[in-house]
Amino acid sequence: MPLPSRSPHDVDPLDEVLRPPPDETEEDRVIRLAQEAEAKRRSQAIDDSIKAERIQQKKKSVVRLLLLGQSESGKSTTLRHFQRLYTPSAFRAERILWRSVIQLNIVRSVRTILDAISSIRPLPPPSDTQSPAEDSDDDTPHVPHEIELLKMRLTPLHHVEALLIAKLIPASQDDAWAPTTASSAGGALTSPYHHSHYPPYHHRPDQRYHPSQEVFVRPSATSWKGALAKSFPYIGGTRPNSVDEDSSTTSIARDEAQQVLHACCEDIATLWNNHLVREVLKKRKVRLEESPGFFLNDLQRVTVPDYIPSDDDVLRARLKTVGVSEYRCEMEAAAGREQATWVPFFDDIDAIIFLAPISGFDQVLAEDRTVNRLEDSVLLWKAICSNKLLSSVDIVLFLNKCDILDAKLKAGIRLAKYVRSYGDRSNDLDTACKYFRSKFSAIHREYSPLPRKFYGFCTSVTVCYPIPFSFRD
């Protein structure tokens, strides 16, 4: 069957252009073929470059992570851990900024001790008219004279605390104080450090700060790091060798707060190691060793004039942060965000890292002392797993603070006393971690709207070790 003839409209105009001329000589033909081969080579090189760029871009694709967990679960510490691992130069350059935070942690620990013993009456001075029998009739414990003397000698820490808070809190951040009653706003600030020979410190009337409340900051470009960086000109630039070697001639050594802490080091250590103080703390169930930002066992090291925080110190430091913030860094996974009313805004995230501090099985929330910390983590875990907006998001569980859990179990605290379903299992870290992991995995499987893989790890984010998973996985 003869093929239909092509109409004039079916003629390919490129065919006419690319067709060799009818009078082409052999020499012209060789030149034309060489030019076509070169054009093809260039085109292939461009294609290969685009392909390689796409592969590289895929390797560097942004992974959006959402950090969630209850207060003091380790969200900010986990973020610092990521920064230490993936942006180590920037992390090391900012270590000096954390010295003020560590100083405040020490002062606040001393304040906690003095608050705990404040209800104990001072020991009355000896009297000629008072017999030993009369002394024995009073069973109320008394603060020994040496403790009273230590309180007086530690009075300068009150000024240090006010100085550090002024450093860390920008003047524009007026809401960085926990709300309190009108009587405590403005005027003189009472303090367990107060002594009649030392006038109380006066705050500005607009500062709503109460000594027993924890100071918090909002992580932003104009927050505490920006203010402190002005005191250290090399931050963001070249670090002088004296920072890592001999910093005694730099501005690091000229730090009033550090000088006061260095002078008070022995008194703080004496107060912390006092037998009566330890008994009072134990009776009041104040566990400073388990609290974030605890440095009282490292006073000799962290109070020297030229002290530079180590990586481990930065991870252990405590500075409460509130609000939603975004962090970006050049690494395999590039961002982390922190909690607030987050679901409507973060439905396009790639993964959630949820931190459950399993060491809190015998503790209550600071903001609601009727709620057990572990129970609160379980309820929040259920809410996240069951949220339909997050049904396609992978969830990574960090069963955090395993180091503290291990210390508690070795001290003889029975997990089964607080978690009845634990039964008669062995009271050791490995068994406890397996139990908690299975319980959280069961909740994840039961409450997830769609089937998804469970990622669970036992962690201690204040310890310097690699993150136990790869973001690309």
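Nothing in this text is a laboratory measurement; each read-out follows from the coordinates by a stated rule. No experiment lies behind these values; they were computed from the predicted model shown. Here Cβ is always computed from backbone atoms with ideal geometry, including for glycine, and neighbour counts include all displayed protein chains.
Overview of results
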{"read-out": "Segments 425-431, 101-107 sorted - mean Cβ within 10 Å per residue, highest first", "value": "101-107, 425-431"}
{"read-out": "Among the listed pairs Lys410/Lys453; Lys167/Lys408; Lys417/Lys439, those beyond 26 Å (Cα-Cα)", "value": "Lys410/Lys453; Lys167/Lys408"}
{"read-out": "Phi to ³J(HN,Hα) by Karplus 6.51 cos²θ - 1.76 cosθ + 1.60 over segment 64-71, Hz, x for Gly, Pro", "value": "8, 10, 10, 8, 10, x, 6, 4"}
{"read-out": "By average C-beta atoms within 10 angstrom, highest first, the peptides 352-364, 406-418", "value": "352-364, 406-418"}
